[in-house]
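First the structure, then my questions, so here it is.
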Amino acid sequence: MPSAPLRYCVESGCSVRVRSGACPLHARQRDTRRGTAQQRGYTYRWAQRAAAFRARYPLCGMRPGDRPPILSGCHAAGRVTAATVVDHVVPHRGDPVLMWDEIGNWQSLCTDCHGAKTIRGL
């Protein structure tokens, strides 16, 4: 199988070519700036609330109040796919109000749809 074409590191001005994402140096720097999952708020409390949310909204693209999903390819294509992730519609970036806004800012997504949404920076 052919390998993916090489592209430049995602860090502005870096000339290192990689298969995807950042070069090893910038990947470490990005991880340090971003913090661990725990530091970003993904705690035991989050895991419990997310599991309860997925139990109520088990399919990719489901949101409270029958709101339309944001970037759910499964929903758009009419595919019925089990949700595996609780997504923040608007990235919380450390804002506790957005982090815990279950009614207005959470949606259930499958891993593929969540990855595609995250790659877009949304």
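Every number here is computed from the coordinates shown, using simple stated rules; none is lab data. Predicted model only: the values in this text are computed from it and were never measured. Ideal geometry is used to build each Cβ from the backbone, glycine not excepted, and the neighbour counts take in all protein chains shown.
Describe numerically, in nm with one decimal, the distance between label points set 7 Å from Cα along Cα→Cβ at Arg93 and at Arg49.
2.0
When Tyr8, Tyr44 are ordered from fewest to most other Cβ atoms inside 10 Å of their Cβ, what list results?
With the fewest neighbours first, Tyr8, Tyr44 line up as Tyr44, Tyr8.
Under the rule of -39500 (n - 2.57) per DSSP H run of 4 or more residues, summed and divided by the residues of the chain, what mean residue ellipticity at 222 nm is obtained, to the nearest 500 deg cm²/dmol?
Computed ellipticity for the chain at 222 nm equals -10000 deg cm²/dmol.
If you don't mind, there's one more thing I want to ask. Which cysteines in the chain lack any other cysteine whose Cβ sits under 4.7 Å from their own Cβ?
Cys113
For a quick protection proxy, order the peptides 12-21, 78-87, 100-109 by their average other-Cβ count within 10 Å, most packed first.
Ranked by mean Cβ neighbours within 10 Å, highest first: 100-109, 78-87, 12-21.
Here is a follow-up. Round to the nearest 0.05 the FRET efficiency obtained for Val10 and Trp100 when R0 = 35 Å and r is the Cβ-Cβ distance. Don't skip to the end; give the middle numbers.
Values: r = 30 Å, r/R0 = 0.84.
Result of the calculation: an efficiency of 0.75.
Which of the three applies to segment 44-119, rounded, prolate or oblate, going by the alpha-carbon gyration tensor with a ≥ b ≥ c and a/c under 1.5 meaning rounded? Let's see the in-between values first.
On the way: a/c = 1.65, a/b = 1.41, b/c = 1.17.
Taking the square roots of the gyration eigenvalues as a ≥ b ≥ c, segment 44-119 is prolate.
Still on this structure: Please compute the modelled spin-label separation between Thr118 and Arg17, points set 7 Å along Cα→Cβ, answer in nm with one decimal.
2.8
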